[in-house]
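Okay, so here's the structure we're looking at.
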Amino acid sequence: MISCHRRPVYPPILYVVDSLTYVAPRQALQVLDSIGEEMAEADKPTRMYYQLLSVKAKDKAYITHTSDSLMLALVDHYEHGGDKHLLPEAYYYTGSTYRDLNDAPRALEYYQKALSSMKGEENLRVKSPVYAQMGDLFRRQYLYDNALAAYQNAYRCDSMAKDSVGLVYDLRDIATMYRRKNEIDSALVYFQKARIMAESQNSIALSNLVTSQIASLQIRLGDYSAAMQSIQPSLKNVDSTNLSSIYSIVSDIYFKQERYDSATYYYKELLTQGDIYAQRRAHERLAHITNTSHRTDEAHQHLLQYELLNDSIERITATESIEQMNALYNYEQQAVKNLRLEAKSRQLYYITALLFCLAIILVLSFIIYHLHVQKKRIQMKQLYQAVTQENQTFKLEEEERNRWKSEAPNLIKNSATYKSIEEQALHANKLRPEDWTAVEELLNEVYPTFIPHLRTCCKMSERDFHACCLIKLKLSNTMICILTPFNSTQLLSNMCRNLYVRIHGKKGSTEDFANFIDSL
């Protein structure tokens, strides 16, 4: 009985690949490809784990799933005697496969299965993306309250897992839902939290992720110059994963400013590289632009393409609304009934509202427009005041940080500990335990967050940790070798380069590592 419940032991390379999928999925795929022939001859548990890792790495690398056959085979294996610890991930990536196949009900079914297979607070690294993907499905259904609840659950999971990168995405998603619900104040609060957290990690990519979405809010408030300023950094770092979002935002800014030539450039880029939603919006806006320029034939073609894409999107959404109840029935029967009724009620509401608006739009158009302009002016004024206040606060904080950067080195060099270290180096003595305690106390006093951040970068020996502390104190390599067990500057340089690779996943020089330590 004990044997039956014991986990299989997999080749060590697969554990390495599993970890690599989170930080460098493309490299993980290369490693998997290199051991493919070897894995084909392995036992069944190993082959299945290899296949699951292949799907996982492709998903992390944003490679679209095109078939569910492999995932269904993996789910069958892990449901009937396979490694139960891997069953939640098998469910999750099956859901992601159906997500890419535009089968939202089945995607939601497998996401629910993944949640049901995880107990308590285990598998937070899987639970968080499950909730995030459920939020995305609800968002595309226009079920914003359900989406908001899912994103909040993802935030709770990442908080417990202390996943700072995941928290930035969660805060962005929560803010976006408040924006969709027209709760502007709440959206601003969560966008600012996301921005502050992204900046605290010194990540340009994360900061751009947030500021680009802030630009969407600023467009909605009519502050196009601020929106353009917010989106500019993201335009310098566009890739396949964010192109649709970035180009949609910047093209809308140009469109709102009636800078149609610039808007047309980005809309045409979206036609060839954007997703189906971005293409639909591009055709709609290009129809307006070409019609304004009296190019009626072009306008007609864009309208025709817009209608075709709109029909495709409506078919996907209708399928989700109708089949969603069956997808969730086995897990939350009553909740699914409510979801279906809510979807039908929402559809009926939209149809009724549309007919009503068409009947009276000629009478109310001027009144609605006038109220809209007044509301935008008030919101823009409020946003301007909030941004101005925040900029003043940020400027004061920046001045304080710059002042401290100048004062900190002097505090260190004038300290008794630093002078004691110099004395020990002068006499070619190794530092004693009490000396290292004094060094840590000095660093904690001057740079309170340095040691905690260093401890979390990667697992390192006490010798390497001590060397990093002396690098932070800006001692020369020669002095560090005198004070520590390193017998030569070459050994110290090797340590610096090895740690840099372990922390960043790429090669770096001794100077690169010193700059990294200085930045903590």
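The values are calculated or read from the model by the stated rules, or taken from the named source; none is laboratory data. The shown structure was predicted, so the numbers you read here are calculated from the model rather than taken from an experiment. Please note: Cβ atoms are built from the backbone with ideal geometry, for glycine as well, and neighbour counts cover all protein chains shown. In case anyone asks, the SASA skips ligands and DNA or RNA and just uses the protein heavy atoms, side chains included. Shrake-Rupley method; radii C 1.70, N 1.55, O 1.52, S 1.80 Å.
Quick look at the values:
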{"item": "Solvent accessible area, Å² - V446, 1.4 Å probe, full protein context", "result": "10"}
{"item": "Gyration tensor verdict on the stretch 260-318 (Cα atoms; rounded if a/c is under 1.5, prolate if a/b is larger than b/c, oblate otherwise)", "result": "oblate"}
{"item": "Distance histogram in 10 Å bins (all Cα pairs of the chain, percent per bin)", "result": "3, 13, 21, 23, 19, 12, 6, 2, 0, 0"}
{"item": "Two-site label geometry, E407 and V16: point separation in nm, points 7 Å out along Cα→Cβ", "result": "4.8"}
{"item": "Anisotropy class of the stretch 82-148 from Cα gyration tensor, a/c 1.5 cut", "result": "oblate"}
{"item": "Projected area averaged over orientations for the stretch 3-115, convex hull of C-alpha atoms, nm²", "result": "7.0"}
{"item": "Where chymotrypsin sites (Phe, Trp or Tyr not before Pro) fall in DSSP loop in the stretch 1-91, at most 12 other Cβ within 10 Å", "result": "Y62"}
{"item": "Local net charge near T21, Cβ-Cβ under 12 Å (Lys/Arg +1, Asp/Glu -1)", "result": "+2"}
{"item": "Selection from L362, F191, I246 lying farthest towards where the dipole of the chain points positive, charges on Cβ", "result": "L362"}
{"item": "On Cα atoms only, tilt of 25-34 relative to the major axis of the chain in degrees", "result": "80"}
{"item": "Relative contact order %, the stretch 42-126, counting alpha carbon pairs below 8 Å whose residues are six or more apart", "result": "27"}
{"item": "Net charge dipole size for the stretch 56-109 [Lys, Arg +1 and Asp, Glu -1 on Cβ; Debye, nearest 20]", "result": "200"}
{"item": "Residue-normalised accessible area of the stretch 149-229, given per residue in Å² at a 1.4 Å probe", "result": "42"}
{"item": "Whole-number accessible area per residue in Å² for the stretch 41-95, which is evaluated in the context of all protein chains at 1.4 Å", "result": "44"}
{"item": "Entries of K44/K506; K119/K162; K58/K113; K58/K193; K58/K506 with Cα pairs more than 23 Å apart", "result": "K44/K506; K58/K193"}
{"item": "Accessible area of the chain belonging to carbon and sulfur atoms, whole % at 1.4 Å probe", "result": "53"}
{"item": "Translational diffusion of the stretch 176-305, µm² s⁻¹ [Kirkwood Rh, Cα pairs; Stokes-Einstein; 37 °C; 0.692 mPa s]", "result": "213"}
{"item": "Gyration tensor verdict on the stretch 427-520 (Cα atoms; rounded if a/c is under 1.5, prolate if a/b is larger than b/c, oblate otherwise)", "result": "oblate"}
{"item": "20 Å reach of a label modelled at N444, 7 Å along Cα-to-Cβ, counting backbone N of the stretch 474-502", "result": "474"}
{"item": "Accessible area (Å², 1.4 Å probe, nearest 10) - H372", "result": "90"}
{"item": "Inter-centroid distance (Cα atoms) of the stretch 253-275 relative to the stretch 111-162, Å", "result": "34"}
{"item": "The chain: angle of helix 87-100 to the longest principal axis, Cα-based, in degrees nearest 10", "result": "40"}
{"item": "Straight-distance crosslink candidates among aspartates and glutamates, where the alpha carbon sits under 18 Å from K474 and sequence neighbours closer than 8 are dropped", "result": "E407, E422, E423, D435, E440, E441, E445, D464, E511, D512, D518"}
{"item": "Percent RCO, i.e. relative contact order, over the chain, from Cα pairs under 8 Å lying at least 6 residues apart", "result": "7"}
{"item": "Cross-link reach list, lysines versus K60, counting only Cα pairs under 16 Å and skipping chain neighbours closer than eight places", "result": "K127"}
{"item": "Crossing angle, helix 124-140 versus the chain [Cα axis fit, 0-90 degrees, rounded to tens]", "result": "20"}
{"item": "Debye, to nearest 20: dipole size of the chain, +1 on Lys, Arg Cβ, -1 on Asp, Glu Cβ", "result": "660"}
{"item": "FRET efficiency estimate (nearest 0.05) - Cβ-Cβ, L348 to C457, R0 51 angstrom", "result": "0.40"}
{"item": "Residues of the stretch 403-520: accessible area per residue with a 1.4 Å probe, Å²", "result": "56"}
